[in-house]
Amino acid sequence: MKRPLLMFSGLLALVAMAWFSWRMLPGAPFSGSGEVDGQPITSVPGPGGPYLKGAHWFGEAWAANFWNTRLLERAAEDFSALREDGFNTVVLVVPWAGFSSSQADGTLVPQRADRLLSLIDLAADADLDVVLRISFAYDASVPRSGRWLNQLWLDEGVRQAWVRYIGSLWSLVEDRDNVLFGFVSWEDLWAPERMGEEPPERRLELAYEIGYQQWLARYSSLEAVSRRYGRAFLAWHEVPIPHRLEPAFGLFFDFIDHAWIERFFKPAQAVFPPLTMEIRVDEDPVWNAPGELAYWHSHELSWHLPGASWTAVYWSPAMGGENRGETLTPDVAVDQLTLKLKQLRAVTGDRPIFIDQFRVEDYTPGYELNGRIPRERVGEFLAAARPALESLTHG
């Protein structure tokens, strides 16, 4: 049988093989233990059911344009081949732009809705389950589609339309038994990080427009904020978004983490119940001055995902390394994977971990110095990683 052509997004470095956990039933057993910095992890997944193995599928195209191709012509053949190759889940990205006609309209474009249902049904015919990455940022048919999500931070009407779009998706797919869950990604809600590079006047304007000043007023005091900034403020309207290289940017990261959950995830999950979020597991530098590191900011505040039945994450061998062009042995890469999963477990508890981007090979342009596993040893790494995946994830 002809094997499916799996194409991947250069923008997001999506990978061919993302390992999925077995579907967790209420009361399913957990067992095992581990440690993070000497502290025991007492609740990690134990054996209990078939593993889910999945692949992102883009037909003959890639993430940003496959909805604009003749994808239904080859889906049945590709899905059958995926099943024959041992996969039991397919991941479909569902962009906001292209599935809604405008940023102010939360209804679905009928043609796109029909095509999504057709793909889900073809997956069911091939005995494949489906995971949906919803609100993907890019669609080649929509000019400047990547800017749609930026407006979520700036326009309350747009945010409400986005929530309606997510609710419309759930209404569309809720009766398809093979749809396991959906997830939104931090990657598509990362726009404020770049606001720290704007000129001072614009950073002051944006601090009000995106609700940063209002958030500070609710959760802190002018005296405390003045200390973090290293200068005195007499009123909240004087507080700008800090420059990216100022130590106060760590406070702005706290705002982003809080907004991911309260402004976006909770309202979206209210209308799409089996929703989770791909959390940001990388740590970000906070600087005292250019070239002078203050500390690494962890986004743990956004890892709790209240009400979610899954935690979606990503991983690559570069995580936790020096990233100076080093070559990693499989054992070192497994150690780094295990440490990151244990760190996640310490915060997320028993919630199943779903690795939606398992980037065992990552050749993203601009990141040539990232630590990598030699291509000829990737298979050895995958075999060595099995115990960590079995004990700390569900896949």
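The values are calculated or read from the model by the stated rules, or taken from the named source; none is laboratory data. Note that the structure is a prediction, hence the values are computed from the model and not measured. Cβ: placed from backbone, ideal geometry, glycine included. Neighbour counts: every protein chain shown. When the accessible area is computed, the model is the full protein with side chains, heavy atoms only, and any ligands, DNA or RNA have been set aside. Shrake-Rupley method; radii C 1.70, N 1.55, O 1.52, S 1.80 Å.
Which residues, counting only those in the stretch 136-158, are in contact with an Asp or Glu (Cβ under 6 Å, 6 or more places away or on another chain) and not aliphatic (A, V, I, L, M)?
Result: 145, single match.
If I filter the stretch 119-141 for residues that are in a strand (DSSP E or B), over 30 Å from residue 212 (Cβ atoms) and hydroxyl-bearing (Ser, Thr, Tyr), do I get at least one hit? Let's see the steps before the verdict.
We begin by selecting, within the stretch 119-141, every residue in a strand (DSSP E or B); these are 129-136.
When the remaining residues are screened for being over 30 Å from residue 212 (Cβ atoms), the result is 129-132.
Narrowing further to those that are hydroxyl-bearing (Ser, Thr, Tyr): none.
No - not one qualifying residue is present in the stretch 119-141.
Give me a count of the residues in the stretch 266-283 that are open to solvent by 30 Å² or more (accessible area, probe 1.4 Å) and in contact with a helix residue (DSSP H, G or I) (Cβ under 6 Å, 6 or more places away or on another chain).
2
So residue 172 clears everything in (1) among the aliphatic types (A, V, I, L, M); (2) over 30 Å from residue 89 (Cβ atoms); (3) over 22 Å from the mean Cα position of the chain (by Cα) except one condition, right? Which one?
(2)
Can you confirm whether residue 308 is in contact (Cβ under 8 Å) with a residue 24 or more places away in the chain and under 15 Å from the mean Cα position of the chain (by Cα)?
Yes: the conditions hold for residue 308.
With open to solvent by less than 60 Å² (accessible area, probe 1.4 Å) and in contact with a His (Cβ under 7 Å, 6 or more places away or on another chain) as the only criterion, which of 286, 378 stands out?
After ruling out the rest, the residue left standing is 286.
Filter the stretch 252-274 down to the residues that are over 16 Å from the mean Cα position of the chain (by Cα) and in a loop (DSSP other than H, G, I, E, B), then identify the one that is farthest from residue 156 (Cα to Cα).
273
Could you count how many residues in the stretch 311-365 are open to solvent by less than 40 Å² (accessible area, probe 1.4 Å), under 17 Å from residue 375 (Cα atoms) and among the hydrophobic types (A, V, I, L, M, F, W, C)?
Number of matching residues: 7.
In the stretch 194-212, which residues are open to solvent by 80 Å² or more (accessible area, probe 1.4 Å) and outside any helix (DSSP H, G or I)?
197
Residue check, residue 227 against (1) outside any loop (DSSP other than H, G, I, E, B); (2) touching a residue at least 24 places away in the same chain (Cβ under 8 Å), all met but one. Which one?
Result: residue 227 passes all but (2).
Which one of the conditions (1) among the β-branched types (Val, Ile, Thr); (2) touching a Pro at 6+ places or on another chain (Cβ under 7 Å); (3) touching a residue at least 60 places away in the same chain (Cβ under 8 Å) does residue 373 fail to meet, given that it meets all the rest?
(3)
Given (1) over 26 Å from residue 283 (Cα atoms); (2) open to solvent by less than 70 Å² (accessible area, probe 1.4 Å), identify the lone condition not met by residue 187.
(1)
Within the stretch 73-107, track down each residue that is among the hydrophobic types (A, V, I, L, M, F, W, C) and within 23 Å of the chain's Cα centre (by Cα).
Initially, the stretch 73-107 is screened for residues among the hydrophobic types (A, V, I, L, M, F, W, C), giving 75-76, 79, 81-82, 87, 90-94, 96-97, 99, 104.
Within the stretch 73-107, 87, 90, 91, 92, 93, 94, 96, 97, 99 qualify.
What number of residues within the stretch 232-265 satisfy the criterion of being open to solvent by 10 Å² or more (accessible area, probe 1.4 Å), free of Cβ contacts under 8 Å to residues at least 24 places away in the same chain and among the hydrophobic types (A, V, I, L, M, F, W, C)?
Here the count works out to 5.
I'd like the full set of residues that are small (Gly, Ala, Ser) and open to solvent by 40 Å² or more (accessible area, probe 1.4 Å), limited to the stretch 108-143.
Within the stretch 108-143, 118, 124, 140, 141 qualify.
Give the residues of the stretch 105-142 that are within 21 Å of residue 277 (Cβ to Cβ) and either of a type in the set (D, E, K, R) or without any contact (Cβ under 8 Å) to a residue 24 or more places away in the chain (or both), sorted by residue number. Before the answer, list the steps.
Narrowing the stretch 105-142 to residues within 21 Å of residue 277 (Cβ to Cβ): 106, 116, 129-139.
Once the filter is applied, which keeps residues that are within 21 Å of residue 277 (Cβ to Cβ) and either of a type in the set (D, E, K, R) or without any contact (Cβ under 8 Å) to a residue 24 or more places away in the chain (or both), the stretch 105-142 yields 129, 133, 139.
What are the residues in the stretch 63-107 that are of a type in the set (A, V, I, L, M, F, W, C), surrounded by fewer than 21 Cβ atoms within 10 Å (Cβ to Cβ) and part of a loop (DSSP other than H, G, I, E, B), if any?
71, 104
Consider residue 154 carefully, then state whether it is modelled with pLDDT of 95 or more, open to solvent by 40 Å² or more (accessible area, probe 1.4 Å) and among the aliphatic types (A, V, I, L, M).
Yes.
Restricting attention to the stretch 161-187, report how many residues are in a helix (DSSP H, G or I) and either of a type in the set (A, V, I, L, M, F, W, C) or in contact (Cβ under 8 Å) with a residue 40 or more places away in the chain (or both).
Within the stretch 161-187, residues that are in a helix (DSSP H, G or I) and either of a type in the set (A, V, I, L, M, F, W, C) or in contact (Cβ under 8 Å) with a residue 40 or more places away in the chain (or both) number 14.
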